[in-house]
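Written out below as C-alpha cells is the structure these notes cover.
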Amino acid sequence: MKSWPFDTVLIANRGEIALRIIRSVHALGLKSVAVFSEADAEAPHTRAADRAVCLGPAPAAQSYLKAQAVIDAARAAGAQAIHPGYGFLSENAEFVDLCAQSGLIFIGPPAEAVRVMGDKRLAKERMLAAGVPCIPGYLGDAQNPQAFRDMARQIGYPVMIKAAAGGGGRGMRLVRQDQDLEAALEGAASEARNAFADGTLYLEKALFGSRHVEVQVLADAHGHCLHLGERDCSIQRRHQKVVEESPSPAVTEEIRRHLTSDALAAARAVGYVNAGTVEFLLDEAGQYYFLEMNTRLQVEHPVTECVTGLDLVDLQLRVAAGEPLPFTQEDVTFRGHAIEVRLCAEDPAQDFLPCTGTLNSWSVPSMPGVRVDTGVANGQSISPYYDSMLAKIIAYGCDREEARRRLASALERSVITGVPTNKDFLARILRHPEFAAGRATTDFLSRNEGLGSISEPAALGAIASLLMCWPEHMSIQDWTNAGPGQWVVRLAAGLVRVTRDRHGVATVVRDVQNGSERITLRPLSLEHNHLSLLVGSIREHVHYVRIAGGVEVCGLGMTRQFVEQLPDTSLGTATTGEERLIAPISGRVLRVNAAVGDGVAANGCVLIIEAMKMECEVRTRNAGVIGSLHVAVGSQVSSRQLLATVAPRQAES
Ligand code: MV4
C-alpha cells in the first residue's frame, strides 16, 4: 500500500455513526478528529476521538450544519480528510465542493454525483436514460395545476406527489382522486419550499403493497463498481425506517441478478465513487422500480456488514485514499441473515413523540450474533436538539428465523430506563406473524397501529404502585419490619390502595369496572433499582427508576411510566361517602388539629405536615367526623400515606 494522502480524519457528525467511523479510522492506524456542539462536549463521540473541536451552540444549524466551521476545524486540527457520516452535511454538494476548494478530501462521492442524485427529477431522467426501470410518472417543467392534472389522469390515480429537492419521503403526498390534487400540490409545494427552498414537484403512480428494497454499491476511482447485495427496509413509520434486514425475504436469485445489475448501472450513470445506496420499490409481481439514490453511508449499513463480513467504513476510507477496491464481485460472499432495529427515545403511547430525559440505566444483553451500535452512555441526558435514535441493535443468524428470534430476545431482555423508548414496540414487530413470515410490506405499520400501545398487565401497575409507596432509600429489611401501613395511589388507570401487613406483604387493590382487582406482592429483594418479588406465587423481577411524580418500571415484557395523578389530600370513597386524607408529600407531622370523633368543617385543616421546610396543610373536602387517625405529632409520613378518615356527618334527626 503506497502512502496515503491523509493520516487524520475529521468526522463531521455525532452519536453512534461518529463512534462507528472513529472505530474504523483508528483500526486503520489513522488519527481522528471529532467535532461537537456545546451540548455534546462530554458526549461519547467527543471523548472517543484523538482530538475534538467545538463548532458552536447546540442547535445543529449553529454547529454540525456549519460547513465553513467544519472546514476550519479540520484545518485547525490537522485533518486532511472529512467523513460526513449520514444526515447533516453528508449529501450537500456545496460542502463537497468546499472541501475540494479547501484542499480536503471528502470521504464520499464526487460533488457531481451528489448534485444529480439530490435532484430527484434529474436523477430519474438519468436513470431512464440508463435503462433503469422507473415508476411511470411526470417529470416536466410545467409546474401548473393544469399540467399536473392532465398527467395525473394519464398516469391514473392514485398518484404520489414528490418534491424534486426532497427524498426520503419528505414533502410526499398521496392523492387518490382528481378533486384532491390541487390542494395536495399546494401543500407539497409549500412544504418543499419551506424545507428545501425549492417547491419543484413531480408525479409518480402510487404503488401499494410493495417493498422498499435497496442495493448497497461500492465503487473506486479506478472504474471498479460492485454491489454488496440488498437490504429490505419495508417497515417504516412516517418515512423513518424502523426495521432493516439483509437479504430481503422478497428477493429471489432471479430478481437479485437484475436488481443488482440495475443498481450498478445507476451508479455508473452518474460516475459514482465510494459507498452508495440505490433504492427501489419492489411490487408483488416481482417488478422493481428506481426510487432514488442515497449518496452516503446509511444508518442501516451494519446488516450488509454482517452478511458480507466487510467493514464499509474501512472501504470508504480506502476508496477516498485512492486505493483500488481490494476484492472483486466474485470475492464477495453472502452468508446468513441480519436484522437491525432502530431504538429511539420516543413514546409509542403518545404517537411516538420524541422524548428527552436522562438515560438512567441502559443495557442490552451480550449474546452471540448481537451487535449494538450506540452513541449514548449511561447517565447521559438525551437532548432535544438531535434525532431521537439511541442505538441500532443488529442480530445476525444462519438464517432469517435465527436472526429474528435473536433480535427479539435481545430486545426483550434489554433494560432501558429514564426515557421512554420504542423497545417494546420493536420486539412486537419482530414477533408479529406477518413479519415472521417475511411478508411485511411498506404499509405494515399503518395496518397494525395497535402495536405501539399494548395495555400493560395489571401486575405491572401493582408493582409500580408498591414502589410509589416505598420510601426512596428504604431497605427490604426496613420495609418488612415497618409493620402495617396503608397508602393510596392515584394512577391514570384509577385509584389504587396499597396495604402492608406485619410481614411486609403488600396487597394492592384497584377499583375496576365491576368490582376490584386484588394482587398480593411479597418483596424478596431490592437493590440497585432492581426489585424481585412474588406476584401471587409467581416470581417476577423489575428494573425501576424513580421519575418526577412516580416510577418507571421495566419488566413483565414492557417498560412503562406510572405517574401519580394530581396530588390530592382528600380522596372520596364513592360507596360510603367516607373521605380519606392522605399525605401529599413525605415529611413530618407538625400539628394535628382534631381527634377521633371530632367534627370538622368543609375545607377544614386537620393536619399540617412539614416537608422541605414548608408547611403543608391537609384539608377535608366536606364536613364530617374524624373516623380514624393514623398519625400523631412527630410522625414521619411518606407521600400518599393514609393519615385519617373522615366519615360524612350523619343527617340531624
Ligand atoms: C413511493 C411509494 C409508493 N409509490 N412512491 C417512501 C420513502 C421514499 N424513499 C420513497 N417512498 C415511497 N415512495 C410511489 N410512487 C412508497 C414509498 C414508501 C412508503 C410509503 C408509505 C409508507 C411507507 C413506505 C415505506 C417505504 C416506501
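Table for the structure above
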quantity	calculated
For segment 56-71, Karplus couplings with θ = phi - 60° (6.51, -1.76, 1.60), whole Hz, Gly/Pro x	x, x, 4, x, 4, 5, 9, 9, 4, 9, 7, 4, 5, 5, 5, 4
In degrees, nearest ten, helix 145-155 long axis to first principal axis of the chain (Cα)	80
Three-way shape label, segment 120-160, alpha-carbon gyration tensor, a/c 1.5	oblate
Counted charge near Arg406, where neighbours are those whose Cβ lies closer than 13 Å (Asp, Glu -1; Lys, Arg +1)	0
Distance in nm between pseudo-label sites at Ala601 and Cys398 (7 Å out along the Cβ direction from Cα)	8.2
Sequence of Asp232, Asp351 when ordered by accessible area, the most exposed leading, probe 1.4 angstrom	Asp351, Asp232
Cα centroid of segment 142-197 to Cα centroid of segment 297-325, whole Å	36
Protection proxy ranking of 299-308, 22-31, 525-534, 197-206 - average other beta-carbon atoms within 10 Å, highest first	299-308, 197-206, 22-31, 525-534
Span from the segment 31-100 Cα centroid across to the segment 329-385 one, whole angstrom	23
Whole-number accessible area per residue in Å² for the chain, which is evaluated in the context of all protein chains at 1.4 Å	42
Cα-Cα over 21 Å, subset of Lys162/Lys392; Lys120/Lys205; Lys124/Lys205	Lys162/Lys392
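The values are calculated or read from the model by the stated rules, or taken from the named source; none is laboratory data. Quick caveat, the model's predicted, so the values are computed rather than measured. We place every Cβ from the backbone using ideal geometry, glycine too, and count neighbours over all the protein chains shown. Surface areas here come from the heavy atoms of the whole protein model, side chains and all, with no ligands, DNA or RNA. Shrake-Rupley method; radii C 1.70, N 1.55, O 1.52, S 1.80 Å.
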